[in-house]
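Structure first, then comments.
The values are calculated or read from the model by the stated rules, or taken from the named source; none is laboratory data. Keep in mind the model is a prediction, meaning the values are calculated, not measured. Please note: Cβ atoms are built from the backbone with ideal geometry, for glycine as well, and neighbour counts cover all protein chains shown. Note: areas computed on protein heavy atoms with side chains; ligands, DNA, RNA excluded. Shrake-Rupley method; radii C 1.70, N 1.55, O 1.52, S 1.80 Å.
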Amino acid sequence: MENIVLKNDRLTVEISPRGAELQSIRDENGVQRLYQGDTPFWGSRAPVLFPVAGGFKDDRYEMDGKTYEMPKHGKVRYEEMQIENASAASVTFVCTKKFDGFPFDYAFRVRYTLVENSLRVAYITDNTGDIPFWFCVGGHEAYRTPEGIEDYEIVFEHDEPLNSNILVGNLLSHDVTPIESRNGVMPLKYDYFAVDALVFPYLTSKSVTLRSKTHSRAIRVDFAGNSNLMFWTKPGAPYLCIEPWTNTPDFVDHDGKIEHKRGSIHLVPGDRDIREHTITVL
């Protein structure tokens with residue numbers, strides 16, 4: 001299935017039906033703003049994470065007395081999703097496939113909509129069955145930093161203490177590392193990513209801007225619909241992932257019950273959940 005292209009006078013966006021993954025974001029000057037998966041560091045660009053963002057302890061979870069296996073970041077990112085509707089400025093993809101680790105009746109939609117210099121991203125989940133289930137969802141967009149991330153900084157909506165929970169493998173410790181910032185601005189350092197990612201579960205900010213120290217291009221991500229924010233790259237890599245998630249990875253002492261997973265969403269039959277974030281190209 002061919003990629004879908006959305007275009008207005010400010011942005012040109014390309015999306016693959018495979019996992020509804022963003023492939024390209026070009027600004028009005030034709031400058032590519034999304035990492036292209038073209039280095040040895042990482043081969044993806046912007047996978048959609050459903051029905052879990054991050055990992056479960058031991059790659060499994062318990063619900064209603066049953067145990068389900070689920071790999072890190074879920075399985076929808078590998079699926080060819082159906083195009084439900086498309087126009088010049090918007091497209092909606094849908095997936096209803098059941099998995100061994102997610103054998104429920106559902107419809108998961110990913111909708112992209114161009115509005116001037118912004119791309120609105122919506123994750124829409126419907127429970128189409130007759131039993132409730134739990135799920136999580138998150139974005140994983142990687143933005144180009146061709147000069148290296150240390151030529152960039154993150155500007156938070158609010159000036160607040162930045163305490164990143166420490167990752168132990170795929171799991172989250174209750175211990176935190178204070179991250180340097182001044183007046184809401186966090187300089188980026190590759191040292192932060194020697195272990196894996198920065199994890200901020202308790203931010204008051206609902207918007208962050210990735211901006212260069214050497215030129216005027218920037219990207220703002222607004223994530224009012226999500227409670228957790230991750231930053232990820234690999235030392236030396238030319239990209240930074242800004243990841244708004246509903247959930248956190250499992251904590252090291254998690255009991256395996258999905259209802260106890262921070263940020264899990266309980267969806268009863270007939271209900272719909274919508275989580276949105278917006279990418280604005282500056």
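Observations, loosely collected:
- Rounded accessible area of MET70 (nearest 10 Å², 1.4 Å probe): 0 Å²
- Taking the three principal axes of the alpha carbon atoms in segment 227-282, the coordinate ranges are 42, 31, 13 Å, sorted in descending order.
- Beta bridge orientation in the chain: antiparallel %, DSSP, nearest 5: 95 percent
- For the chain, radius of gyration divided by Kirkwood radius, i.e. Rg to Rh on alpha-carbons: 0.95
- Nearest-10 value in Å² for the accessible area of TRP134, using the 1.4 Å probe: 50 Å²
- Residue with peak Gaussian network fluctuation, the chain [Cα springs, cutoff 10 Å], from LEU229, LEU203, LEU34: LEU203
- Highest GNM mean-square fluctuation among PHE133, PHE56, PHE223, for the chain modelled with Cα contacts below 10 Å: PHE133.
- Normalised by the number of residues in the chain, the average gap of Cα pairs under 8 Å and 6 or more apart makes the relative contact order 20 percent.
- Other-chain or far-sequence residues with amide H under 5 Å of GLY54's (modelled H): HIS73
- Residues in segment 175-205 that a label on PHE41 would reach, taking backbone N under 16 Å of a point 7 Å out along Cα→Cβ: 188-198
- Residue-level accessible surface for TYR202, protein heavy atoms, 1.4 Å, Å²: 140 Å²
- The count of lysine pairs in the chain whose Cα atoms are under 14 Å apart, excluding pairs fewer than 8 places apart on the same chain, comes to 8.
- Percent of C-alpha pairs per 10 Å bin, segment 92-177, short to long: 11, 25, 31, 27, 5, 0
- Most mobile of ASN226, ASN163, ASN183 in a GNM of the chain (Cα contacts under 10 Å): ASN183
- Backbone geometry of segment 101-107 corresponds, through the Karplus equation with coefficients 6.51, -1.76 and 1.60 at θ = phi - 60°, to 3J(HN,Hα) couplings of x, 8, x, 10, 7, 8, 9 Hz, x marking Gly and Pro.
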